1. Just need a number here: residues in segment 11-65 that are more than 28 Å from the chain's Cα centre (by Cα) and open to solvent by 50 Å² or more (accessible area, probe 1.4 Å).
2. What are the pairs with Cβ atoms under 9 angstrom where one residue, in segment 171-200, is assigned to a loop (DSSP other than H, G, I, E, B) and the other, located anywhere, is modelled with pLDDT of 95 or more and of a type in the set (Val, Ile, Thr)? Sequence gap at least six, or different chains.
3. Looking only at segment 152-182, which residues are farther than 20 Å from LYS142 by Cα and open to solvent by 20 Å² or more (accessible area, probe 1.4 Å)?
4. List the number of the failed condition for ILE155; all other conditions in (1) touching a helix residue (DSSP H, G or I) at 6+ places or on another chain (Cβ under 6 Å); (2) closer than 30 Å to ILE19 by Cα hold.
5. Out of all the residues in segment 286-300, which are loosely packed, with under 15 Cβ neighbours inside 10 Å and touching a residue at least 24 places away in the same chain (Cβ under 8 Å)?
6. Between residues in segment 81-107 that are open to solvent by 10 Å² or more (accessible area, probe 1.4 Å) and residues that are of a type in the set (A, V, I, L, M, F, W, C) and part of a loop (DSSP other than H, G, I, E, B), which pairs lie under 6 Å by C-beta distance while being six or more apart or on different chains?
7. Are there any pairs with C-beta distances below 6 angstrom linking a residue in segment 114-140 that is within 14 Å of LYS87 (Cα to Cα) to a residue that is open to solvent by less than 10 Å² (accessible area, probe 1.4 Å) and of a type in the set (Asp, Glu), with the two at least 6 apart or on different chains, and if so which?
8. Given (1) exposed (fewer than 14 other Cβ atoms within 10 Å of the Cβ); (2) touching a Phe, Trp or Tyr at 6+ places or on another chain (Cβ under 6 Å); (3) charged (D, E, K, R), where does GLU235 come up short, assuming only one miss?
Amino acid sequence: MENLFKYAKKEVSQDAFLIWVISNYNCNDLVMKDISINFVKFLIKDPNITINSVIVKPQWNHIDIVADLETDRGSISIFIEDKTTGKENNQLNRYNEKIKETKKYENRESKKLFYKTDIIEEDERERIKEANWEIVELDCIKKFWEKYIDCKNIIVSMYAKRISQIVEALRTSDIPCDPKDRDLEMLMWKGFFNNYIIPNIKNECSPYVSTAIYSYTYLTIKPKGKNEEKIPFIEIRDRDCLNKKFRALILTHGMPEEKNKRCEEWDKIIKINESEKDSPFKKGRKNATKQPLATEKCEVKNKEDYLNKLKNCIDVYKNIIKKLY
């Protein structure tokens, strides 16, 4: 049977699953009741607490999940911001204000949790900590749910299996090769970039990995210390590298910000590249406004070959940036 969460992959689906789990704290199904209570205990980090009642509210003031508990240690409210592949987008401080101005929550113990089933990037992690929300780490999420992989409840079992698949995908350090699941494939590319490529190029440049939601994973590269500057950058898109292929782009997004306008440096970039001996870059798409250069798509033998081709691109790119500025 296909895993439901292969298709129910958006945050709203995970919201619904977590709300359903928490809401079953007192159901007649003893297996589900036990899972629900254990999950709440996991969230509040108290294995000995007794839960007397739970009221769950979805999307209270745009917070994904709010669970108001009455327990043997008093009233507790759990606030959960839930993410799959999306990022924290500076909403946590707004949520803090809503919680602060709500009289009901003045004298209640609060647990503000950021629950994400993907890698949390460093800038995102800093924003979460600055907002005083607690991160529920992916490894901890896996450790909790892996106990239920063979659970009699098929929905819980499917979710537990999917979490394990996600973690394994993100641990990948080799080139993904023909996976049948595109969503896991994107995570495998994220793992490959983070676990193999970045450790081998970070001394030469500033690399960064992210995901265009439900579309592709990409690696961007700029010179060291230039991450915030609007300059040309290398981008590797996993969808260009499927089935052991390699392709790199030099892009100029943000310079200028106008959508369909080429940057002033466009012709200079192409001219400098033409003067580079054995450059792998050619002119980008004919009508492109943000892609002055691109390599041709070529075969790679293995991850070492992939890395060598990328390093060659980085060397030429660094020369272009040096001469351009």
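The values are calculated or read from the model by the stated rules, or taken from the named source; none is laboratory data. Since we're looking at a predicted model, the values are computed, not measured. A quick note on method: Cβ atoms are made from the backbone with ideal geometry, for glycine too, and the neighbour counts reach across all protein chains shown. Keep in mind that these areas ignore ligands, DNA and RNA; they rest on the heavy atoms of the full protein, side chains included. Shrake-Rupley method; radii C 1.70, N 1.55, O 1.52, S 1.80 Å.
1. To start, the set of residues in segment 11-65 that are more than 28 Å from the chain's Cα centre (by Cα) comprises 24-34, 37, 46-55.
Of the ones still in play, those that are also open to solvent by 50 Å² or more (accessible area, probe 1.4 Å) are 26, 28-31, 33-34, 47-48, 50, 52, 55.
Total satisfying the criteria: 12.
2. ILE175/VAL300
3. First, the residues of segment 152-182 that are farther than 20 Å from LYS142 by Cα: 174-180, 182.
Hits for segment 152-182 are ASP174, CYS177, ASP178, PRO179, LYS180, ARG182.
4. Just one mismatch for ILE155, condition (1).
5. Result: GLU296, LYS297, CYS298, GLU299.
6. Here the result reads THR85/ILE213; ASN93/ALA131, each pair linking segment 81-107 to a residue that is of a type in the set (A, V, I, L, M, F, W, C) and part of a loop (DSSP other than H, G, I, E, B).
7. From segment 114-140, the pairs are PHE114/GLU81; TYR115/ASP82; GLU124/GLU88; ARG127/GLU88; ILE128/GLU88.
8. Of everything listed in (1) exposed (fewer than 14 other Cβ atoms within 10 Å of the Cβ); (2) touching a Phe, Trp or Tyr at 6+ places or on another chain (Cβ under 6 Å); (3) charged (D, E, K, R), GLU235 misses just condition (1).
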